[in-house]
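Okay, so here's the structure we're looking at.
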Amino acid sequence: MWDAASAQETLTLRGHFDSVFSVGFSPDGQRIVSGSADDTVKVWDAASGKELLTLRGHSGAVWSVRFSPDGKRIVSQDSHDTVIVWDPSTSTPVQEKPPAETIARNVSPVDALLSVCRWDKADAKKMN
């Protein structure tokens, strides 16, 4: 982590065993979520850098992670385009969507809705 005003490093998060592709803050700024090529999602204390939990369930590198606007869910997407919605209070998946080509994703800042624009190649073949 870097202080934007001073450009000084303030904190280093250590725990993933491979490259980190995505990082995000919880809405209250108290936690950080990260996704890595080690197929895990990790949650960290933003003040101390302490690892709070590791979420396992992806079978590919985690390319994208986000907290929901209320901070009660984490959304992650892996290199196979599987999307998992997690409950960080129990470290368990709440919902999982199987692979499809994901074009875009976003979490609504108002009502914690997840929008995922996906292109399912199997459905496209059915249409032809």
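The values are calculated or read from the model by the stated rules, or taken from the named source; none is laboratory data. These figures come from a predicted structure and were not determined experimentally. Note that we place each Cβ from the backbone using ideal geometry, even for glycine, and neighbour counts take in every protein chain shown.
Data for the structure
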quantity	calculated
Among (1) under 24 Å from M1 (Cα atoms); (2) of a type outside the set (D, E, K, R); (3) assigned to a strand (DSSP E or B); (4) at pLDDT 85 or above - the single one A47 does not satisfy	(3)
Of all residues in region 9-44 being in a strand (DSSP E or B) and over 12 Å from the mean Cα position of the chain (by Cα), the one that is surrounded by the most Cβ atoms within 10 Å (Cβ to Cβ)	W44
Hey, F21 without any contact (Cβ under 8 Å) to a residue 24 or more places away in the chain and out of contact with any Lys or Arg (no Cβ under 6 Å at 6 or more places or on another chain) or not	no
Where a residue in region 62-86 is at positive phi and its partner, wherever it lies, is assigned to a loop (DSSP other than H, G, I, E, B) and buried (at least 19 other Cβ atoms within 10 Å of the Cβ), with Cβ under 6 Å and at least six apart	G71/S26
Top-ranked residue in region 50-80 [being in contact with a Ser or Thr (Cβ under 8 Å, 6 or more places away or on another chain) and in a loop (DSSP other than H, G, I, E, B); ranked as nearest to E96 (Cα to Cα)]	H58
Selection from region 45-77 of residues that are touching a Leu at 6+ places or on another chain (Cβ under 7 Å) and surrounded by fewer than 17 Cβ atoms within 10 Å (Cβ to Cβ)	D45, G49
